[in-house]
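Below is one structure; the comments refer to it alone.
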Amino acid sequence: MPKRSKPKLSHYDSAGRARMVDVGPKPSTKRSATASAFVELSAGVLEALPLNPKGNPLEVARFAGIQAAKRTSELIPMCHPLSITHVDVEAEVAAGGVRIRATVATSGQTGVEMEALTAASVAALTVYDMTKALDKSIVIRNIQLEQKSGGKSGNYTREK
């Protein structure tokens, strides 16, 4: 069995300078990623969610997450602009807060993990923005990749 080399960071050249990875030679494959985040809210804020005068925070968060996924390369310098084929953002009330789940898909030469993570993060920030008038102690936590598929590195699923 061949010995696997130690993984290295791909966004640095041999001199240690940051660089955008050349994905041109890579084959296009179907790729997807799902990320999540949790917005910890007090019982009072959760109770007030349906009465928010700015609109439904969960719906606005969904739209913000979708928009964020499409603009990830404008926010993160070494991300490639991608032709995203699908974005789905869910925001639902759960015990102690709002659970966000974002799934992004493409058929291309690089993955969509950053797009899914950006969507989940911005959706969580939107919930914060729309509820901060009620409570300044809101906490956003557990922004994380849940799964990814496709590409050279294969599939990944977070262990429960």
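Values quoted throughout were computed directly from the atomic coordinates according to the rules given, and no laboratory measurement underlies them. Nothing here was measured: the structure is a model prediction, and the numbers come from that model. Cβ coordinates were reconstructed from backbone atoms using ideal geometry, including for glycine residues, and neighbour counts include every protein chain displayed.
Okay, here's what the table says:
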read-out	value
Only Lys, Arg (+1) and Asp, Glu (-1) charged, at Cβ; the chain dipole about Cα centre in debye	860 debye
Using alpha-carbon coordinates, inclination of helix 113-131 to the longest axis of the chain, degrees	20 degrees
Dipole of the stretch 29-150 [Lys/Arg +1, Asp/Glu -1 at C-beta], most positive-end residue of Val98, His80, Ala119	His80
Degrees, to the nearest 10: 57-70 long Cα axis against longest axis of the chain	20 degrees
Globularity ratio of the stretch 29-150, using Cα Rg and 2.2 N^0.38 Å	1.07
Equivalent ellipsoid dimensions for the stretch 85-136 as semi-axes, Å, which come from the Cα gyration tensor, largest first	27, 11, 7
Listed residues Arg31, Arg141, Arg99, most fluctuating in the chain (Gaussian network, C-alpha, under 10 Å)	Arg141
Expected 222 nm ellipticity per residue - DSSP helices of 4 or more, -39500 (n - 2.57), all of the chain, to 500	-8000 deg cm²/dmol
